[in-house]
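Novice: Right, I'll just put the structure down here and ask away after.
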Amino acid sequence: MKIIKIEAIPFAIPYRKPLRFASGEVHVAEHILVRVHTDDGVVGIAEAPPRPFTYGETQDGIRAVIDKIFAPQIVGLSLLEREVVAARLNRTVGNPTAKSAVDMAIWDALGRTLNLQVTELLGAYSDRMRVSHMLGFDEPAAMVAEAEMMRDTYGITTFKVKVGRKPYRLDTEVVRALRQALGSTVDLYVDGNRGWTAAESARAMNEMSDLDLLFAEELCPADDVLGRRWLVQQCDVPFIADESAVTPADVTREILGGSATAVSIKTARTGFTHSQRVHHLAEGLGLEVVMGNQIDGQLGSMCTVAFGAAYRLTTQRAGELSNFLDMSDDLLTEPLEISGGELTIRPGAGLGVEIDPDKLARYRTDN
C-alpha cells in the first residue's frame, strides 16, 4: 500500500453553455485529473477543478504544486498514513483543490486496495443522495424552462438559484418567476457568490420573504464582517457559509462570529479527510449542512455523493450534484445517471468509477 507515483494531468472539456454567476463565468472545464499509484499496482483517482476567481488556483498552478511540492513529500508513504499526508499538505498555504484531489485519490486507492467502497470507509449511512440543480444567470423564462426540464427529465425538485446581479431586482424577479411556475412542490434557495452588499442582500431577502426559501448563501463578501453579522440577524432562513468557510477553522470563525448559521461542504476543496472534520464540527454545533458543488465533472460529483451518502446529516438535504450535465462530455467509462431526483454511488471498490483512456487522450492538454 505504498504510494510510488502521483500524476497531475490537465484536461479541458467545453460546457454546452457558459455557467454565469456573480463571481465569474466558466466556458470550459479546465480541470486536473489526479492519479495516485501504489506498489500493489492500484491507481486511485480524483479531480481538481480550479476556481481562480474564488480560491486563486489555476490549472497550471494545481499541476505545478502537485508535481513539484506535494508529490515529493508524499511518495513513499502508505495509503494508511492519511494524517501524515494531511500534515505535509498543510505545510503549503492555500491550494485547497489541489490538496483535496490528492487526498481523495488516496482514499480511492485505499478503497480499491481493501475492496471496499469509499462510502463504506467513511460511514456507509446510505448509497444515494437527492440532487439539487444550480441555475446560473439568464432571463427569467430561460431559467424557468431549465428548472422545468430538470424536474421533468431527472426528477430534481431542489434548485439553487444564482443571484448577486445589480440591480438586485433582476434576481428577485427570477426567483419569484420560478416559485410561480414550479409551485410549492420544489425547494428553492439562493446563492449570491458575494455579489451584493449587506444592505442590498437584506432588501432582496425582504422582497423574497413570501417565497418560502430554504437557504441563503454567501450573499455579500466575507470580509464585510459587521455587515454579514447584521445581515444574518435580518434573515429568517439559515445563512450558508461557503467560500468563506474553506477550512474547519473558517467554519468555526464564521459560525461563532455570527456570520453564518449553516455550512456547505465541498469535497473538491476539503477532500474526504477535512470534509470529515467539517461534518463532525457541524454535527456538534447543530448546523444545517448542504453538499456543495465546485462545478465538478462526473468524477468530482461522484466524490461528493460518496461522501454525502456516508453520513445521516449530509443526506438530509439535496446535494449539488448535477453540474456535470452542462458539460459536453466527460472522462468516465460509464456516465453518471440521475434518476428519480437521486444519484447513487457505484457498486465497485473505491469510488467505483474508471477513466476512459481514449477520452483522456482526446481531452488532455499536456501532449
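Novice: Rounded to the nearest 500, what is the chain's calculated 222 nm mean residue ellipticity when only DSSP H runs of at least 4 contribute -39500 (n - 2.57) each, over all residues?
Specialist: Values: 15 runs with 140 residues, N = 367.
My calculation for the chain gives -11000 deg cm²/dmol from helical runs alone.
Novice: Using only alpha carbon pairs under 8 Å that are at least six residues apart, calculate the relative contact order of the chain and give it in whole percent.
Specialist: On the way: 793 pairs, mean separation 78.5, N = 367.
Here the relative contact order equals 21 percent.
Novice: Using a 10 angstrom cutoff on alpha carbons, build the Gaussian network for the chain and name the most mobile of Thr185, Thr158, Thr314.
Specialist: Result: Thr185 has the largest fluctuation of those listed.
Novice: Mind checking the per residue accessible area of the chain for me, 1.4 Å probe, whole number of Å²?
Specialist: On the way: 13920 Å² over 367 residues.
Per residue, the chain has an accessible area of 38 Å².
Novice: Okay, moving on. Of Ala87, Ala8, Val131, which is farthest on the positive side of the dipole of segment 1-137, counting Cα position, with +1 on Lys and Arg Cβ, -1 on Asp and Glu Cβ, and the Cα centre as origin?
Specialist: Value computed over the given set: Val131.
Novice: Same structure again: Sorting check: for 67-75, 122-130, which peptide has the highest mean count of neighbouring beta carbons within 10 Å, and how do the rest follow? Walk me through the numbers on the way to the answer.
Specialist: Working: 67-75: 15.9, 122-130: 18.2.
Packing order, densest peptide first, comes out as 122-130, 67-75.
Novice: Take the Cβ-Cβ distance between His27 and Asp356 as r, set R0 to 25 Å, and report the resulting FRET efficiency rounded to the nearest 0.05. All intermediate terms of the calculation are to be shown ahead of the outcome.
Specialist: Values: r = 23 Å, r/R0 = 0.92.
It comes out at approximately 0.65.
Novice: Run the accessible area of the chain with a 1.4 Å probe and give the carbon-and-sulfur part as a rounded percent. Can you show the working numbers first?
Specialist: Working: 6830 of 13920 Å².
Carbon plus sulfur share of accessible area: 49 percent.
Novice: Length gain on complete extension for the stretch Ala177 to Val225, per 0.36 nm per residue less the alpha carbon to alpha carbon distance?
Specialist: Numbers: separation 48, 0.36 × 48 = 17.28 nm, distance 3.20 nm.
Here the segment from Ala177 to Val225 would lengthen by 14.1 nm.
Novice: Highest GNM mean-square fluctuation, the chain, Cα pairs closer than 10 Å: which of Gly183, Gly111, Gly300?
Specialist: Looking only at Gly183, Gly111, Gly300, the largest GNM fluctuation is found for Gly183.
Novice: Further question: ³J(HN,Hα) across segment 356-365 via Karplus (A = 6.51, B = -1.76, C = 1.60, θ = phi - 60°), whole Hz, x for Gly/Pro?
Specialist: Along segment 356-365, the couplings run 7, x, 5, 5, 4, 4, 6, 9, 5, 10 Hz.
Novice: Here is a follow-up. Which cross-chain or sequence-distant (5 or more) residues have an amide H under 5 Å from the amide H of Thr158, H modelled 1.01 Å from N in plane?
Specialist: Excluding prolines and chain starts, which carry no amide H, the hits are His133, Asp187.
Novice: On the full set of protein chains, 1.4 Å probe, figure out the accessible area of Lys166 and give it in Å² to the nearest 10.
Specialist: Roughly 110 Å² of Lys166 is accessible to a 1.4 Å probe.
Novice: Shape verdict for segment 68-132, please, from the Cα gyration tensor: rounded (a/c under 1.5), prolate (a/b greater than b/c) or oblate.
Specialist: Values: a/c = 2.79, a/b = 1.55, b/c = 1.80.
The shape class here is oblate.
Novice: Return the distance in nm (one decimal) between the two label points of a simple spin-label model at Glu334 and Thr58, each offset 7 Å from Cα along Cα→Cβ.
Specialist: Distance between label points: 3.9 nm.
Novice: Ok, one more. Rounded to whole Hz and in sequence order, give me ³J(HN,Hα) for segment 25-41 from the Karplus expression 6.51 cos²θ - 1.76 cosθ + 1.60, θ = phi - 60°, writing x for Gly and Pro.
Specialist: Each residue's phi maps through the Karplus curve to give 8, 10, 10, 9, 7, 9, 10, 10, 8, 9, 10, 10, 9, 10, 6, 8, x Hz.
The values are calculated or read from the model by the stated rules, or taken from the named source; none is laboratory data. Remember, predicted model here, so these are calculated numbers, not experimental data. No Cβ is skipped: glycine too gets one built from the backbone with ideal geometry, and neighbour counts run over all protein chains shown. What goes into the accessible areas is simple: the full protein's heavy atoms, side chains included, and nothing from ligands, DNA or RNA. Shrake-Rupley method; radii C 1.70, N 1.55, O 1.52, S 1.80 Å.
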